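Engineer: Below is one structure. I have some questions about it.
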Amino acid sequence: MAPSPRAPLTRDRILATAMQIADAEGLAAVSMRRLATELTVEAMSIYHHLANKDAILDGLVELIAREILAESASATVEPAGDWRDEVRARSLAARRVMMRHPWAPSLITSRRAIPFEIQAVFEAVLAAMIRGGLSYRVAHRGMHALSSMALGFVNEPFSPPAEGTSSGEAPAELDALDPAMIAAMADVFPHTAAMVAEELHAESDATLGWCDSQTEFEFTLGLLLDGLDQAARSEA
């Protein structure tokens, strides 16, 4: 019996394999050599489809954005419905994608340009606001306020560097501080120490980087949506 023909090497197949590697071992494990091994091809064959490692990373962002759009495809409301419900549903759909691919937030924020597919995610959220009666002025401010939350994560200003980068050792996350470190902090930053001691997350609480728990994500999302709704009503 003749062996089954091998699937042709395509850009989509390469990127799907890169995503599988990142999901299993982290983004740092993705390399041209590793992809060639997984795909049983010569590394040079990959260069015909993706010019370099940056092209692979950009392609992974595209895949993530497509997954967000597919996940949130049913996140629509009736014309008379509350626009906040749709934006909330879209943000939580994006959140589910981020939880499946925890390496994605650091990758997305590391890219120099906004890919078309990411802009499509923002366009869908903006469209929901406009359909809900918000002016472009308020919606513009809303997009700035929501920022990365529309993509399912919180972009903290002092997050550790993206996985696989060489920008130095990442600072300890607040969630990882032990009681002795909190006690030492209390002398200089008493309110910060008290907050950390009160709010340490349970180990089972899923996070995406710097204090990005599901509870905090949904709480912040609700505050922003309610605030935008109030701004829209005051403008009317």
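Engineer: For region 21-48 and region 72-149, what is the separation of their C-alpha centers, rounded to whole Å?
Structural biologist: Between the Cα centre of region 21-48 and that of region 72-149, the gap is 31 Å.
Engineer: Pulled fully out, how much extra length does the chain show between Gln214 and Arg33, if you take 0.36 nm times their separation in residues and subtract their Cα-Cα distance?
Structural biologist: Net length gain for the segment: 61.6 nm.
Engineer: With an 8 Å Cα cut-off and a minimum separation of 6 or more residues, compute the relative contact order for region 45-143 in percent.
Structural biologist: Once normalised by length, the contact order is 34 percent.
Engineer: Calculate the dipole size of region 34-138 relative to its Cα centre from +1 charges on Lys and Arg beta carbons and -1 charges on Asp and Glu beta carbons; express the result in debye to the nearest 20.
Structural biologist: Details: 13 positive and 13 negative charges, 71 e Å.
In debye, rounded to 20, region 34-138 gives about 340.
Engineer: So, R0 is 30 Å and r is the distance between the beta-carbons of Arg111 and Met181; what FRET efficiency does that work out to, to 0.05? Each step should come with its number before you reach the end.
Structural biologist: On the way: r = 34 Å, r/R0 = 1.12.
Efficiency, rounded to the nearest 0.05: 0.35.
Engineer: For region 53-148, what is one quarter of the convex hull surface built on the Cα atoms, given in nm²?
Structural biologist: Seen from a random direction, the Cα hull of region 53-148 projects 6.1 nm² on average.
Engineer: Kindly state, to the nearest 0.05, the FRET efficiency for Met44 paired with Asp23, given R0 = 22 Å and r defined as their beta-carbon distance.
Structural biologist: The computed FRET efficiency comes out at 0.30.
Engineer: Could you give the length gained by full extension between Met195 and Ser234, i.e. 0.36 nm per residue of separation minus their alpha carbon distance, to one decimal place?
Structural biologist: 10.6 nm
Values in this text are rule-based calculations from the coordinates and carry no lab data. Keep in mind the model is a prediction, meaning the values are calculated, not measured. So basically every Cβ, Gly included, is an ideal-geometry build from the backbone, and we count neighbours across all protein chains shown.
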